[in-house]
Amino acid sequence: MGLIFKQPNGLYGRWSSIMDNVSDIDMTKQDYIDMCVEKAIDKATEDAKWVLEKRVLEYSDIQEQAKTYDVDIDKEIDKLRNDNNG
């Protein structure tokens, strides 16, 4: 994220350790928060896409995993559906 500093005008700037230079200036607190939220959303989106592309298992794999815990996955899914529908 870099280093955040308060400018003489009371606004905030950001020093980028990647660029070894000032990368943002004249930010309000809300500007900085918004920038951080946007970056977090971008990172979370990237992570979620990776999981959906690389880590999704087949339903049968989860059924087998659930059996090791003596769980009937179909019954559990039905129970969750009923709980979520009122």
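Read-outs: derived from the displayed coordinates by stated rules, not from any lab. These numbers were taken from a predicted model, which means no experiment stands behind them. Using ideal geometry, Cβ is built from the backbone for each residue, glycine included, and neighbour counts are taken over all protein chains shown.
With a point put 7 Å past each Cα toward its Cβ, work out how far GLU38 is from ASN21 in nm, to one decimal. Each label point is offset 7 Å from its Cα along the Cβ direction, giving 2.0 nm.
Multiplying each eigenvalue of the alpha-carbon gyration tensor of the chain by 5 and taking the square root yields semi-axes of 48, 17, 9 Å, largest first, rounded to whole angstroms. Between ARG14 and GLU53, the FRET efficiency estimated from the beta carbon spacing at R0 = 35 angstrom works out to 0.65. Give the residues of region 24-42 whose amide nitrogen is closer than 18 Å to a point set 7 Å from the Cα of PHE5 in the direction of its Cβ. Hits in region 24-42 for PHE5 at 18 Å: 24-29, 32.
Please give the helix 73-84 orientation as an angle from the longest Cα principal axis of the chain, in degrees from 0 to 90, rounded to the nearest 10. Here the helix axis deviates by roughly 60 degrees. Taking label points 7 Å from Cα along the Cα-to-Cβ direction, GLN30 and ASN84 give a separation of 3.5 nm.
Backbone amide hydrogens, once placed in the peptide plane, bring SER23 within less than 5 Å of ARG14, TRP15, SER16, excluding anything fewer than 5 places away on its chain.
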